[in-house]
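The values are calculated or read from the model by the stated rules, or taken from the named source; none is laboratory data. In this text, all values refer to a predicted model and were calculated from it rather than measured experimentally. Here the Cβ positions follow ideal geometry from the backbone for every residue, glycine too, while neighbour counts run over all protein chains shown. All accessible areas refer to the heavy atoms of the entire protein, side chains included, with ligands and DNA or RNA removed. Shrake-Rupley method; radii C 1.70, N 1.55, O 1.52, S 1.80 Å.
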Amino acid sequence: MITLAMSPIEALLKERIGLDAAAIGPAVIARAVEERRIAVGADDTLAYWNTLHASAGELQALIEAVVVPETWFFRHRESLLALARLAAQRVLGDGERLLRVLSVPCSTGEEPYSIAMALLDGGLPAARFRVDAVDISARALARAKAGLYGGNAFRGQPLDFRARHFTAAPGGYQLSETVRNQVRLLSGNLMDPGLLAAEPPYDMVFCRNLLIYFDPATQRRAVQTLRRLVRPDGMLFVGPAEASLLTREGMRSAGIPLAFAFHPEVAVPPVVPAAPRLRAVPAPAVAPAARPIARAMPVRAVAPEPRSTPPGNDSAALRAISAQADRGDVGAATAACLRFLDSHGASASGWCLLGVLHDAAGRAADAHAAYRKAVYLDPGHEEALYHLAALLDSEGDAAGAARLRQRAQRHARMSHG
């Protein structure tokens with residue numbers, strides 16, 4: 001029987017790594033315990049409990065058995081799109097700035113390497129950024145260091161980044177040294193209050209699909225650590241199911257549709273209900289499985305002719321549509337955006353948002369047309385330029401994509417002095 005001592009083992013895992021058994025199901029932990037019990041030759045779970053306390057190495061082995069990574073390259077595309085644009089704005093506007101990004105937990109490396117590829121593909125020089133990647137699993141870090149990935153790490157279409165950054169190798173695809181050199185792999189535990197205490201705060205922190213496995217008290221502890229790790233003017237990216245948690249903890253949404261990005265400072269309602277332009281941005285593509293499922297609805301392939309609209313009148317409506325998208329209701333947000341454009345056809349930000357929504361639903365041709373319309377209305381619209389560049393990359397037009405990124409970067413330099 002393995003039920004007799006399961007509660008103490010579950011409590012130990014919660015104490016050491018914050019894992020809530022109810023979140024993953026006690027059967028998952030039970031299977032891991034049984035696997036390790038057999039491996040060490042313990043007669044029963046009580047005997048294994050004694051072994052667990054006698055050997056620090058065995059606790060790590062149990063953690064390795066429980067923490068089974070489920071990840072792939074360019075998962076949650078919109079977060080990486082946002083990162084690419086915001087990084088260009090920050091770094092290219094400051095001649096000395098080094099962009100620092102953190103991925104925690106990094107698992108077997110797909111997320112931090114995706115971040116590095118997105119930044120390189122977005123035109124950021126390798127010397128201008130660094131990615132730190134932290135995980136508690138020594139096994140996962142070893143796989144990340146090897147940089148060899150099988151087919152399961154590449155899901156959906158397009159996979160243009162694989163041709164740029166990988167070479168075929170026995171057993172899968174080998175990641176290029178150029179990308180691997182941008183990432184520093186570190187052992188660490190988010191439950192450790194001193195995690196990365198010697199490091200200055202990061203510009204961007206990615207912690208996605210981890211907080212959902214914690215109970216409320218542990219979630220609050222983790223959020224406080226994440227707040228410490230990100231600069232006051234930085235940004236924290238989480239998974240779709242974790243956005244409401246950060247809102248409850250007082251963080252302010254960055255307003256980037258489907259990116260689930262937050263500023264670390266406590267949200268304060270603005271005196272004037274105006275907001276910055278939409279910040280939905282691009283980088284390489286992600287698997288369709290990672291995108292929210294859009295509800296069935298009619299799609300317009302031909303955009304209406306623009307009608308003149310007084311500037312500034314569309315901000316509140318677009319924020320409301322973005323909020324719908326942030327909640328994962330892409331179909332309703334798309335319908336609302338189409339209705340908005342019926343009466344505000346000259347809004348470049350509206351057309352860019354429509355492109356983001358079409359892109360999230362896998363309608364590349366409609367997204368392409370919407371981004372083109374945004375650029376027609378505002379030739380310096382950075383979000384639309386970056387998104388369009390990402391689409392051209394996926395279609396094999398690397399030269400066209402590079403021209404669009406250079407155009408966006410010129411505009412960013414002019415805008416930031």
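Per-structure values
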item	result
Separation of the His53 and Leu148 label points, Cα + 7 Å toward Cβ, nm	4.2 nm
Of all accessible heavy-atom area on region 77-263, the percent that carbon and sulfur account for (1.4 Å)	54 percent
Size descriptor, Kirkwood hydrodynamic radius, that averages inverse alpha-carbon separations across region 349-402, Å	10.6 Å
Length released on extending from Ala22 to Glu199, taking residue separation times 0.36 nm less the Cα-Cα span	60.4 nm
Nitroxide proxy distance, nm - points 7 Å out along Cα→Cβ at Ala320 and Ala364	3.5 nm
Over region 77-263, volume per residue of the alpha carbon convex hull, in Å³	120 Å³
Over region 45-121: Rg over Rh, Cα atoms, Kirkwood Rh	1.25
Diffusion coefficient, µm² s⁻¹, Stokes-Einstein with Kirkwood Rh over alpha-carbon pairs of region 81-137 at 25 °C and 0.890 mPa s	212 µm²/s
Reciprocal of mean inverse Cα separation for region 8-66 (Kirkwood radius, Å)	11.3 Å
Convex hull volume per residue for region 313-415, taking Cα atoms only, in Å³	94 Å³
FRET efficiency, Glu96 to Glu15 (Cβ-Cβ, R0 41 Å, nearest 0.05)	0.45
